[in-house]
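J.: One structure, pasted below without further comment.
The values are calculated or read from the model by the stated rules, or taken from the named source; none is laboratory data. Computed from a prediction, not measured in an experiment: that's the story for all the values here. Cβ atoms come from the backbone with ideal geometry, glycine included; neighbour counts cover every protein chain shown.
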Amino acid sequence: MDITKNAVEIFMSENSLISTSIEEVKLNNDEFGELKIQITISGFSKKSKYLKINLLFSEIIEFKFYYSNIYNFYNIENLKLLHINDQIYISFDPDDGDNEKSEDDSDFILAKKLELFSSAGASL
């Protein structure tokens, strides 16, 4: 399901991504050689309608992730999710200064399309 325009609303309140965990990040090229990023997220609250989801970002404009073995990979403790000019922006390590895309944001993806796939046991 394409959620590019309504992702912000979907992941509010009981479906929040805060306190969930990223299980996997996959980078692949599609049949046209375009980069796609799939992120698997689990650990939703019992109130959420999701158990585990896959977020598929396509038409990638920019992304940056940092990994170090001194940190746990990857509990979502903070989040910035924005719909900007028909693009979706997510940062899993945002600058706390404001609710805009920032040069100080880390672990982010800026893409033109975001799709949501729910794993078995969860409903959309």
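J.: Can you tell which of Y67, Y71 is modelled with pLDDT under 95, more than 14 Å from the chain's Cα centre (by Cα), within 17 Å of I109 (Cα to Cα) and of a type in the set (F, W, Y)?
T.: Residue meeting the stated conditions: Y67.
J.: Evaluate the following for D93: is it charged (D, E, K, R) and either under 20 Å from T4 (Cβ atoms) or modelled with pLDDT of 95 or more (or both)?
T.: When the stated conditions are applied, D93 does not pass them.
J.: It is to be established whether one or more residues within the range 66-80 are out of contact with any Phe, Trp or Tyr (no Cβ under 9 Å at 6 or more places or on another chain) and within 23 Å of N6 (Cβ to Cβ).
T.: The answer is no, given that none of the residues of the range 66-80 is out of contact with any Phe, Trp or Tyr (no Cβ under 9 Å at 6 or more places or on another chain) and within 23 Å of N6 (Cβ to Cβ).
J.: Now for a different question. Here is a check on your reading of the model: is K113 assigned to a strand (DSSP E or B) and in contact with an Asp or Glu (Cβ under 9 Å, 6 or more places away or on another chain)?
T.: It is true that K113 is assigned to a strand (DSSP E or B) and in contact with an Asp or Glu (Cβ under 9 Å, 6 or more places away or on another chain).
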